[in-house]
1. Using the Karplus curve 6.51 cos²θ - 1.76 cosθ + 1.60 with θ = phi - 60°, work out ³J(HN,Hα) for each residue of the stretch 159-167 in order, rounded to whole Hz, and write x for Gly and Pro.
2. Please state the shape class of the stretch 104-148: rounded when a/c is under 1.5, otherwise prolate if a/b exceeds b/c and oblate if not, all from the C-alpha gyration tensor.
3. Quick check: the angle from helix 127-136's long axis to the longest principal axis of the chain, C-alpha only, nearest 10 degrees?
4. In the neighborhood of residue 74, defined by Cβ-to-Cβ distances under 13 Å, what is the net charge if each Lys or Arg adds +1 and each Asp or Glu adds -1?
5. Please list 47, 115, 20 in order of solvent-accessible area, largest first, computed with a 1.4 Å probe with all protein chains present.
6. Count neighbours as other Cβ atoms within 10 Å of each site's Cβ, and list the trypsin sites (Lys or Arg not before Pro) in the stretch 1-93 that are DSSP loop with at most 11 such neighbours.
7. On a 1.4 Å probe surface of the protein chains, which of 203, 101, 15 comes out largest in accessible area, and what is the full order?
8. What are the equivalent ellipsoid semi-axes of the chain, built from the alpha-carbon gyration tensor (square roots of five times its eigenvalues), in whole angstrom, biggest first?
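The values are calculated or read from the model by the stated rules, or taken from the named source; none is laboratory data. The model shown is predicted, which means the values in this text are computed figures rather than measured ones. Quick reminder, even Gly has a Cβ in these numbers, built from the backbone with ideal geometry, and neighbours come from all protein chains shown. The area values use the complete protein model at the heavy-atom level, side chains included, leaving out ligands, DNA and RNA. Shrake-Rupley method; radii C 1.70, N 1.55, O 1.52, S 1.80 Å.
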Amino acid sequence: MEKTKIAVLVSGGGTNLQALIDAQTNGILQNGEIALVLSGNRNAYALERAAKAGIDTEIVVKKECADQAEFEQKMIAALEMYNIDLIVLAGFMNILSADFTGRYSERIINVHPSLIPSFCGKGFYGLRVHEAALSYGVKVTGATVHFVNEIPDGGRIIAQKAVAIQKGDTPEILQKRVMEEAEWILLPQAVEEVSAAIRKGETV
Ligand code: GAR
């Protein structure tokens with residue numbers, strides 16, 4: 001059977017996309033192939049990473065659509081054009097409706113930069129997550145890869161990895177450590193695991 005066709009949805013720098021591209025090159029990602037990078041932001045650096053790797057790109061900007069329904073309709077059209085089996089949210093900064101997540105049940109995964117259920121849900125994204133962890137004063141944080149359902153950051157957990165907070169951490173320093181020690185390792189492994197399961201027709 002063909003490899004699982006993956007779409008990576010991005011909005012920004014795309015370092016997690018890069019980790020997936022590298023995983024494809026070094027063989028960590030074997031059962032899936034990145035067929036499409038879909039950006040919610042015209043200026044995302046992730047688009048350059050995709051182009052450099054020879055991966056097709058599409059851009060769908062929420063603000064340029066009449067409403068959420070039109071935004072998602074455009075995304076669905078792109079995903080169907082590429083026969084996508086698995087959607088990976090890698091720093092994608094738009095919330096998806098229950099209609100969208102229900103359509104792709106257990107076929108959307110997200111990476112979140114904390115140990116869910118801490119510092120997650122509406123309003124917790126990017127640097128804000130690390131600011132919240134530092135201001136609470138936790139000693140351990142990390143990253144979570146999970147399935148996406150209608151509850152923001154509420155879907156079934158696939159993998160988690162803890163990262164220690166160190167004296168003198170700023171949100172930026174902590175964000176980098178969580179990416180290096182957790183996100184860039186965990187996400188490719190989870191994408192491979194889910195891709196293999198989809199290919200074999202199994203559930204994770
Ligand atoms: C990553 O840290 C990712 O976990 C986070 O945004 C960053 C994107 O970086 N996602 C969220 O906060 C989602 N709630 P990247 O564009 O370099 O991969």
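1. Ordered by residue, 3J(HN,Hα) equals 7, 9, 9, 8, 9, 6, 8, 10, 4 Hz.
2. Details: a/c = 3.06, a/b = 2.15, b/c = 1.42.
Note, shape of the stretch 104-148 comes out prolate.
3. 30
4. Numbers: positive: 62, 63; negative: 58, 64, 67, 70, 72, 80.
Once positives and negatives cancel, what remains is -4.
5. Details: 47 25, 115 45, 20 5 Å².
Greatest to least solvent exposure: 115, 47, 20.
6. On the way: sites: 3, 5, 42, 49, 52, 62, 63, 74; in loops: 3, 42.
Those satisfying the criteria are 42.
7. Details: 203 120, 101 5, 15 45 Å².
Ranked list, largest accessible area first: 203, 15, 101.
8. Values: eigenvalues 132, 74, 56 Å².
Three semi-axes, in Å: 26, 19, 17.
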